[in-house]
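Contents: one structure, followed by commentary.
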Amino acid sequence: VGPKKEVAECKEKFASSADPTVSQTFMLDRVFNPEGKSLTPMRGFKYSSWSPLGCDANGRCLLAALTMDNRLTIHANLNRLQWVQLVDLTELYGERLLEASYKLCKADAPCGQLGDFPEFQRRHSMQTPVRMEWSGICTTQQVKHNNECRDVGSVLLAVLFENGNIAVWQFQLPFLGKESITSCNTIESGISSPSVLSWWEYEHNNRKMSGLIVGSAYGPVKIIPVNLKAVKGYFTLRQPVVLWQEMDQLPVHSIKCIPLYHPYQKCSCSLVVAARGPYVFWCLLLISKAGLNVHNSHVTGLHSLPIVSMTADKQNGTVYTCSSDGKVRQLIPIFTDVALKFEHQLLKLSEVFGCVRTHGIAVSPCGAYLAVITTEGMANGLHPVNKNYQVQFVTLKTFEEAAAQLLESSVQNLFRQVDLTDLVRWKILKDKHIPQFLQEALDKKIESCGSTYFWRFKLFLLRILYQSMQKAPSEVTWRPSHEDAKILISDSPGMGSTEDDQEEGTSKQASKQSLGDTGKGVDMDDTAEDSLHQSSDTGGREPMVEKLLEIQAQIEAVEMHLTREHMKRVLGEVYLHTWITENTSIPTRGVCDFLMSDDGYDDRTARVLIGHILKKMNKQTFPEHCSLCKEILPFTDRKQAVCSNGHIWLRCFLTYQSCQSLVYRRCLLHDSIARHPTPEDPEWIKRLLQGPCTFCDSPVF
């Protein structure tokens, strides 16, 4: 808000002021006085907001976090289980205001002196964040120097301040830090005592519209236009739209915007729901030939206490609300000829959780789970001495619904539907078999469509089935073992073969443990399976071993199919982006030979593509060489390369190059290995290296 020395002098002046309206206001306001002296320290977070998927360097989410001392920062999960702060927006916005002399427009009157308490308050309120929300990803085309067009993604972060102003930051994707900030514009909302913010995104006749919904602690709700001049194909409102104007002192706690399809009007519409005290305010926005139609009302009789949290399933428009007394309500929108109505019912969670207090709820991206934060409720009319916060997960879909949604999904990405796959995984682990209807439906999809998504789904099911057949280890796998398995060299007859024999014995012992050892099963209720595993009769174990070997063979067959499909894609990129007899770092000849080595594999597309590539290569082989001994690395295995001197290098599953460095990347589920892009790589190889795992759709980092 000003030079450090001047700010310290002003704080001392206001704290010791003879006017109690100044001194008491200053001492009790934690924005001015974050240290608080005798007050509790300002530690923790006020609010956090997740960006859409695909915003960071690994194709995952960014996290905007607002701390209790009003500092807004953006974090990213760059390495596994490691969060890094990328930028401090509070500091950057303060620098912008300082350069503009704390004026939003040049035409504004000059600001007063920092020693005046109203000016001191104004400078703080104009940069104290209340809420921040991410927009959806906007895609624009950028023209390069050679007149080529490339798609550039950007995302907007709207930050609502205490004085009602909204700063809209535009970030270029992937967001790497300060250098990825494209612009920052400030909008005056005109809302006094703002409390909550949400993006309004609406699509009508392939035209995308956007705006910002702002709610006040006094009750009003309105949409503010956001002029996205830099984002082509996006439009906004001509003027603000007031959704609720009564100053009824019911504070707006939460706002959700849900895109829906109106079955009677035969067009898309936008449903805005807001929690106001114990009520839910809803507003249906519909664009017709007459203009923007607005229908609004309140849903009453939901809770006896104010709503503390609200969430919405954007797949079907279902809204969930909860109050602190442990009651969670489900509201289902039903369209009428003109607008809509809500059917609501109480979710009887007390039968599962007992007497609890609820502090927040959230629904998973595909609507499979509802997460509820709870603490102990009153016992015998007394509050608990200590609060133990727990996150409870409630399933909202059955296994059959989750499987049907995965089969008919338009997303075709397992990683983006991980809550649905978790329901399927739990069912297979429990029953130890894949349901017949799911197997048949998946086989039909593979026959009719042939998309690799369904092959990946099949691989996921087989892997979970294999896991359910195995016995869980008796000890926790992540806990370090303190037992040293050593062998005395003097006891062994052959000195040279000691290490090899020991490794062979260890591998045999591990395979026996994984297949036949008794331990704690995945499903404790399945006593029949447990008795089968605990049987000491070898005849009882043989069918289980055969079943595991059969599943393993199916897994390898599906993995090989997915590998061949990705090899075809890589060869297609090689053909499109290389000249005659050009040496690329990709082992093209090795990939071609590997594809054609199996006599049972007859793919006309692959044969034609390989023929064109070999003709373009003009009898050149361009083999890879071992960096340690310069010997040729033959392409005999899709997972690793071994030279004649026995040096082993892991292969990148995205480009099939050997990773001849100490650093490489892995997919989230540790399925595959990928190398890092290098500066000398052409753009098309860098684009290949940005892809997800070909087996599980997980990002690679």
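Odds and ends about this structure:
- For the stretch 686-700, filtered to residues that are open to solvent by less than 40 Å² (accessible area, probe 1.4 Å) and over 17 Å from Glu565 (Cα atoms), the residue that is farthest from the chain's Cα centre (by Cα) is Val700.
- Boolean, Ser254 is within 12 Å of Tyr202 (Cβ to Cβ) and not in a loop (DSSP other than H, G, I, E, B): no
- Test: residue in the stretch 574-585 that is in contact with a helix residue (DSSP H, G or I) (Cβ under 9 Å, 6 or more places away or on another chain), over 30 Å from Cys626 (Cα atoms) and either at pLDDT 50 or above or surrounded by 16 or more Cβ atoms within 10 Å (Cβ to Cβ) (or both): no
- Strands (runs of 3 or more DSSP E) wholly inside the stretch 107-161 containing at least 2 residues that are modelled with pLDDT under 85 and over 31 Å from the mean Cα position of the chain (by Cα): none
- Out of Ser309, Ser210, sole residue that is farther than 30 Å from Leu347 by Cα, polar (S, T, N, Q) and either at pLDDT 90 or above or assigned to a strand (DSSP E or B) (or both): Ser210
- Checking the stated criteria, Val352 turns out not to satisfy the condition of being part of a loop (DSSP other than H, G, I, E, B), aliphatic (A, V, I, L, M) and open to solvent by 20 Å² or more (accessible area, probe 1.4 Å).
- The number of residues in the stretch 376-400 being buried (at least 16 other Cβ atoms within 10 Å of the Cβ) and either out of contact with any Phe, Trp or Tyr (no Cβ under 7 Å at 6 or more places or on another chain) or at pLDDT 95 or above (or both) comes to 4.
- Remark: Ser198 falls outside the filter, which requires a residue to be hydroxyl-bearing (Ser, Thr, Tyr), at pLDDT 90 or above and in contact with a Phe, Trp or Tyr (Cβ under 8 Å, 6 or more places away or on another chain).
- Some residue of the stretch 667-687 being touching a Phe, Trp or Tyr at 6+ places or on another chain (Cβ under 8 Å), closer than 23 Å to Thr421 by Cα and of a type in the set (Ser, Thr, Tyr): yes
- The condition (being of a type in the set (S, T, N, Q), in a helix (DSSP H, G or I) and not assigned by the TED database to the domain that holds Ile255) is satisfied by just one residue among Thr21, Thr73: Thr21.
- Every residue from the stretch 645-671 that is among the hydroxyl-bearing types (Ser, Thr, Tyr) and surrounded by fewer than 22 Cβ atoms within 10 Å (Cβ to Cβ): Ser661, Tyr664
- Test set (1) in a strand (DSSP E or B); (2) touching a Phe, Trp or Tyr at 6+ places or on another chain (Cβ under 8 Å); (3) open to solvent by 30 Å² or more (accessible area, probe 1.4 Å) - Asp337 fails condition number: (1)
- Restricting attention to the stretch 652-687, the residues that are touching an Asp or Glu at 6+ places or on another chain (Cβ under 6 Å) and either farther than 13 Å from Lys639 by Cα or assigned by the TED database to the domain that holds Lys458 (or both) add up to 1.
- First in the stretch 592-619 and more than 21 Å from Trp579 (Cα to Cα) and outside the structural domain of Asp637 (by the TED database), second anywhere and part of a helix (DSSP H, G or I) and among the polar types (S, T, N, Q), Cβ under 7 Å, 6 or more apart: none
- Restricted to the stretch 532-546, and to residues there that are open to solvent by less than 80 Å² (accessible area, probe 1.4 Å) and closer than 23 Å to Ile464 by Cβ, the residue that is modelled with the highest pLDDT is Val545.
- Scanning the stretch 174-193 for residues that are of a type in the set (Val, Ile, Thr) and crowded, with 16+ Cβ neighbours inside 10 Å gives Ile181, Thr186, Ile187, Ile191.
The values are calculated or read from the model by the stated rules, or taken from the named source; none is laboratory data. This is a predicted model, so every value here is computed, not measured. Neighbour counts run over all protein chains shown; Cβ positions are idealised from the backbone, glycine included. Areas reflect the complete protein model, heavy atoms only, side chains present, ligands, DNA and RNA absent. Shrake-Rupley method; radii C 1.70, N 1.55, O 1.52, S 1.80 Å.
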